[in-house]
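K.L.:
Before anything else, here's the structure in question.
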Amino acid sequence: MVNITTLTNRQYCVVLDPVDAKGNPQFGRKKLMKGEKSFFLMPGERLEKGIQNIYILGEDEGLILKAVEGFVDSVRFHHTYYTKYLIIILSHNICLGYCSCLLDIINPN
């Protein structure tokens, strides 16, 4: 029996070795799944750290992040393995953010 994985709108998870649309396993890859969603894990897939809650940042809060893999972002900047980043929210808006599977949170505040 396979259990359904259900994410609320404030949760996410990372699927390891995801299966593509044709049913082919993609070994060594990761897939970020954002809520609100329900899905079944395919044979061979597993969750990296289980279901995670998103971080809600308020005024004058921040996160320290560390790249756990090298990657290229949306503006084609190359980030190297273990580079550290400081993200600070300096406004009256609340920021709802999902952690990329390429970044680890070092300090949640």
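K.L.:
Could you tell me what a quarter of the Cα convex hull surface of the stretch 4-53 works out to, in nm² with one decimal place? Could you put the intermediate results ahead of the total?
P.N.:
Details: hull surface 12.7 nm².
Its Cα hull, projected and averaged over all orientations, spans 3.2 nm².
K.L.:
How high is the FRET efficiency between Val2 and Asp60 when r is their beta carbon distance and R₀ equals 41 Å, given to the nearest 0.05? Don't skip to the end; give the middle numbers.
P.N.:
Values: r = 44 Å, r/R0 = 1.08.
Rounded to the nearest 0.05, the efficiency is 0.40.
K.L.:
Hey, which lysines would be in cross-link range of Lys22, C-alpha to C-alpha under 21 Å, not counting anything within fewer than 8 residues on its own chain?
P.N.:
Straight-distance partners of Lys22: Lys30, Lys31, Lys37.
Each value in this text was obtained by applying a stated rule to the coordinates, not by laboratory testing. Being a predicted model, the structure only gives us computed values, none of them experimental. We place every Cβ from the backbone using ideal geometry, glycine too, and count neighbours over all the protein chains shown.
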